[in-house]
Amino acid sequence: MVKGSRIVTAAAVAALAMVGGTATAGAVEATAYDSYVALGDSYSSGVGAGDYGDSGGCKRSANAYPQLYADSNGIGDFDFAACLGARTGDVLAQADTLSADTDLVTVSVGGNDAGFVDVMIDCTTSFDQGCVDRVDRAKEYVRTTLPGLLDGVYDEIRAEAPNAEVFVLGYPNFYEIGGSCNAGLSDTKRAAINSGADALVDTISERAAAAGFTFVDVRDEFDGHEICSGDWWLHSVTWPIDESYHPNAAGQEHGYLSALEGAAG
């Protein structure tokens, strides 16, 4: 049976932890979910958050929000399928890990389909107008082509995991405009990049709602913690280069995990 909303107060969580026995101080609180599959791209695999273990090129971090959520909620049946570089077609393949027993799914996808890497390269190497033009092309793709690709992914998730509650996570804005950075990209470029992230969120949230899934917007959590803010939860250009423009460990925990917990409990 598909589970209903689990947005509860801290007091309710504490009360639920007492059901079936006496709570033990420091014990992991059990969640209502038994079987969790985390699908998606690098924002779900935790690229940029370190501690990748033996996950190879997928860079699945022990500090990524899916692993943190599974650990903190005592979910023993957890399949971490998200992977660096994943596009919608890759997530369709990841969906093979789903089953009728899966009762929780999280997914983030769409940024790589929209050409996120190319956008950042062009914005780094071109003049302001070149960056704006490249972002506009990406936004057109997001409005016209990405919706159908997302529908295909969401349909597959529902078909493979008919009993699951599905949370679709979006992307943060990358820059605080007029922030502390006095070098690097111009504010014109930074604003254009943020507008691309907003366009992604608009399309992803719309298609998630059409599929009957819950969209989780992380932009509020990252507000005040973007690049050029006083407390960055995102990398700028860094080494390894594939970790550039990804959440760090704080962004995964306080940004993504916090947003998911607010939606799922």
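The values are calculated or read from the model by the stated rules, or taken from the named source; none is laboratory data. Here the structure is a predicted model, which is why all the values come from computation and not from measurement. In this analysis, Cβ positions are derived from the backbone assuming ideal geometry, glycine residues included, and neighbour counts consider all displayed protein chains. Quick note on the areas: whole protein, heavy atoms, side chains included, nothing else; ligands and nucleic acids left out. Shrake-Rupley method; radii C 1.70, N 1.55, O 1.52, S 1.80 Å.
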Original post:
Given (1) 1.05; (2) 0.98; (3) 0.95, which label gives Rg/Rh (Cα atoms, Kirkwood Rh) as computed from the coordinates?
Top reply: (2)
Original post:
If R0 is 22 Å, what FRET efficiency do you get for Arg143 and Asp118 from their C-beta distance, rounded to 0.05?
Top reply: 0.80
Subject >> Cα-based equivalent ellipsoid of the stretch 97-247: semi-axis lengths in Å, sorted from largest, via gyration tensor >> reply: 30, 17, 13
**OP:** List the relative contact order of the chain as a percent without decimals, with contacts defined as Cα pairs under 8 Å and 6+ residues apart.
**Re:** 22 percent
Subject >> Environment charge at Ser236 (Cβ cut-off 13 Å; Lys +1, Arg +1, Asp -1, Glu -1) >> reply: -1
Original post:
Where only protein heavy atoms count, and the probe is 1.4 Å, what is the accessible area per residue for the stretch 150-201 in Å²?
Top reply: 34 Å²
**OP:** Would you list the membrane-span-like helices of the chain, meaning whole DSSP H runs whose alpha-carbon atoms span at least 18 Å along their axis and whose mean Kyte-Doolittle value is at least -1.0?
**Re:** 146-160, 187-210
**OP:** Can you check what the net charge comes to around Leu149, using other residues whose Cβ is under 14 Å from the Cβ of Leu149 (Lys, Arg +1; Asp, Glu -1)?
**Re:** -4
Original post:
So in the chain, what percent of DSSP beta bridges are antiparallel if you round to the nearest 5?
Top reply: 5 percent
Original post:
Using modelled amide H (1.01 Å from N, peptide plane; none on Pro or chain starts), what sits under 5 Å from the amide H of Asp79, excluding residues fewer than 5 places away?
Top reply: Tyr36, Val37, Ala38
Subject >> Among 226-233, 250-257, 49-56, the order from most to least packed when residues are scored by Cβ within 10 Å on average >> reply: 250-257, 226-233, 49-56
**OP:** Would you work out what percent of the accessible area of the stretch 101-163, with all protein chains in place, is carbon or sulfur (probe 1.4 Å)?
**Re:** 53 percent
